[in-house]
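No lab work stands behind these numbers, since they all come straight from the coordinates. Keep in mind the model is a prediction, meaning the values are calculated, not measured.
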Amino acid sequence: MKSSDLPATSEKVDVRARRPVGWFNLIRRVSFFKSQAPSDDSAQILIRIEIAKLFMLGGLCIIVLGAVMREAAFIFIPLTLAWFLSALFSPLIKYLQRNHIPPPMASAFLVVAIMSSLLMVVNMTIDPAAQWIEELPASLRHLRVQLAETAGPLSDLQEVSREVKELATMAAVDSPLENLPKVALVEESGGTMKSLLIDDLPDVTSMFLMTMAMTYFILASNDQILRSLVSSVSTFGRRRRLVRLSRAIKAQMTTYLRTVSIINLLLAMVVALVLWLLDAPNPLLWGTLAGLLNFAPFVGPAVMTFLLLLVGVTSSNSLQEACVLPGAFLVLTAIEGQLITPSVLGKKLALSPMLVFLGVVVMTWLWGPIGALMASPLLAAGHILWKSLSDS
């Protein structure tokens with residue numbers, strides 16, 4: 001039979017119409033229709049209006065999501081931490097399952113081990129931390145004295161200028177009662193550490209218990225959530241694509257969290273060792289804090305540098321000697337941030353420094369210090385999701 005004998009059809013079959021169109025390709029489809037649309041002014045105006053609507057809708061969704069995350073931080077923080085912990089320890093659960101240990105039992109053992117380790121670290125560092133917090137006002141006053149002594153003649157000149165201004169002000173006042181020295185009444189507090197424990201301990205304990213409970217249920221579920229999502233998809237091709245996508249995202253996220261956690265743990269050990277060699281007080285406390293704050297790039301090392309400066313001021317006789325501790329920490333964190341972490345993570349999981357800094361600022365505004373620590377892993381998760389969707 002010749003092609004001319006076939007019945008003619010008035011409709012043309014578009015092969016692209018058979019392909020599923022997802023939300024991820026929405027912007028690309030808009031660009032495609034823009035290139036295929038007529039070149040008259042009305043079509044161009046309509047396309048620009050649709051693009052503006054798309055960006056406005058995206059902006060409103062971001063604002064609403066930020067407001068919800070800020071108001072429901074008590075729920076989202078434990079849920080996010082539990083997801084990170086489950087992604088970090090899921091290979092261990094798989095290994096124990098292959099050795100004939102059920103996931104619920106393995107998850108229970110793992111959660112108990114995590115809680116015991118954290119409580120041991122807190123028990124070892126709580127007393128030095130409480131003592132340092134109580135001595136913090138005296139440390140700040142000592143730092144101000146050290147800075148004033150370093151300033152030298154300039155501080156003397158500023159002091160003379162201030163006294164001259166005070167004398168001029170007193171001479172201009174007519175009432176003699178206002179020339180009398182003022183007495184400030186200071187109310188003694190019950191202790192900074194005591195107030196912190198009374199105010200924040202219930203919330204911190206509740207979040208910690210919620211995080212551990214959510215971690216147990218996510219690990220013990222053994223991918224039941226993924227199987228439920230897969231069963232809701234109609235076609236076999238989409239099911240296979242969803243499984244491959246979720247496994248790829250989980251594997252890359254596990255690799256990122258494991259790598260960053262090991263690097264920060266090694267940094268904590270090295271910082272504690274260096275501070276011990278420099279005869280710094282409480283090296284275990286500052287090493288643990290250095291490893292924890294390193295989860296917040298830029299902001300965490302800056303805070304740690306300032307804290308070590310205070311420690312150096314209180315434990316040394318001059319400002320030059322006090323700068324040894326923060327200087328040593330800056331060298332270590334520069335080696336870690338500029339050489340070790342980029343070479344280990346590679347370009348595939350590398351994040352833009354400006355994006356990381358902006359993420360730390362936004363997450364600090366949303367969830368406080370805990371949000372700053374989770375900003376970098378959340379950005380890494382978003383980066384992995386974006387790359388996986390674009391490659392699929």
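Odds and ends about this structure:
- The distance from the alpha carbon centre of the range 331-385 to that of the range 40-80 is 24 Å, rounded to a whole number.
- Taking the square roots of 5 times each eigenvalue of the Cα gyration tensor of the range 253-392, largest first, gives ellipsoid semi-axes of 31, 15, 12 Å.
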